[in-house]
Every structure is written in structure tokens, then in C-alpha cells.
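Undergrad: Dropping a structure here in C-alpha cells format, bear with me for questions.
The values are calculated or read from the model by the stated rules, or taken from the named source; none is laboratory data. Small disclaimer: the values here were computed from a predicted structure and weren't measured. Cβ coordinates were reconstructed from backbone atoms using ideal geometry, including for glycine residues, and neighbour counts include every protein chain displayed. The accessibility values were calculated without ligands, DNA or RNA, using every heavy atom of the protein model including side chains. Shrake-Rupley method; radii C 1.70, N 1.55, O 1.52, S 1.80 Å.
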Amino acid sequence: KTAAFLLPMMERILQRKTGSGSRGKGGRRGSDEDCIRGLVLTPTRELAAQCLSMMIAMTRHIHPEGLMRGCLIVGGAKNVQAQAAELRA
């Protein structure tokens, strides 16, 4: 079930990134190609963690590695700065 949240978005991201490279114009980080491309909102933290695990499992076989990554951001967390840093990484 969790793949249903991810597959259409991942396919679109891969089509865009493999067509134009993963570093964007000039090879700089922070360019348009490195920005957030997808967001999955779930009603529970458990489902969010499950979606992240599924995304990691599905992207293990994508080459070049690092073409796609994800992170888990949840409301009510005590360490908001750590989540913000993970999102920026």
C-alpha cells in the first residue's frame, strides 16, 4: 500500500533528473535540480516512517546513487533543528 503513495511521484522525479542531470545548471548544489520535488503527507507517524522505509528500499537499485533521497519530518518533535538540518542535507 505504501508504494501507492510513492510510485507516481518517484517516476516523475526520475524522468526529470535523469533527463537533465542531478546537479542542475553549472553543477552547483542548491540549484533547481536539488530542491524538494515531492512531499508525502500521512495521517500518522507510523505510516510516514513506513513510506520512508519503502522509498529507501525502492531507490536502492537506482543508479547513479544519490539521485533521490528522503527524510522523515514529523510534527511535535522535540528537536526541530535536527529535522530542519536533515531536510537541508
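Undergrad: Residues being of a type in the set (Val, Ile, Thr) and assigned to a helix (DSSP H, G or I): count how many of those fall in the stretch 37-73.
TA: In the first step, residues of the stretch 37-73 are kept if they are of a type in the set (Val, Ile, Thr); the result is 40, 42, 44, 56, 59, 62, 73.
Then keep just the ones that are assigned to a helix (DSSP H, G or I); that gives 56, 59.
The total comes to 2.
Undergrad: Taking GLY24 and the conditions (1) of a type outside the set (Asp, Glu); (2) in contact with a helix residue (DSSP H, G or I) (Cβ under 7 Å, 6 or more places away or on another chain); (3) at pLDDT 85 or above, which numbered condition does it fall short on, given that it satisfies the others?
TA: (3)
Undergrad: Let me ask another. Would the stretch 71-88 turn up any residue that is open to solvent by 50 Å² or more (accessible area, probe 1.4 Å), closer than 21 Å to PHE5 by Cβ and of a type in the set (Lys, Arg)?
TA: no
Undergrad: Quick check on the stretch 74-89: of everything there that is in a loop (DSSP other than H, G, I, E, B) and within 18 Å of the chain's Cα centre (by Cα), which residue is modelled with the lowest pLDDT? Break it down into steps so the answer makes sense when it comes.
TA: Taking the stretch 74-89 as the starting set, the residues that turn out to be in a loop (DSSP other than H, G, I, E, B) are 74-79, 89.
Then drop every residue that is not within 18 Å of the chain's Cα centre (by Cα), which leaves 74-75, 89.
Working: VAL74: 88, GLY75: 87, ALA89: 78.
Only one residue tops the list, namely ALA89.
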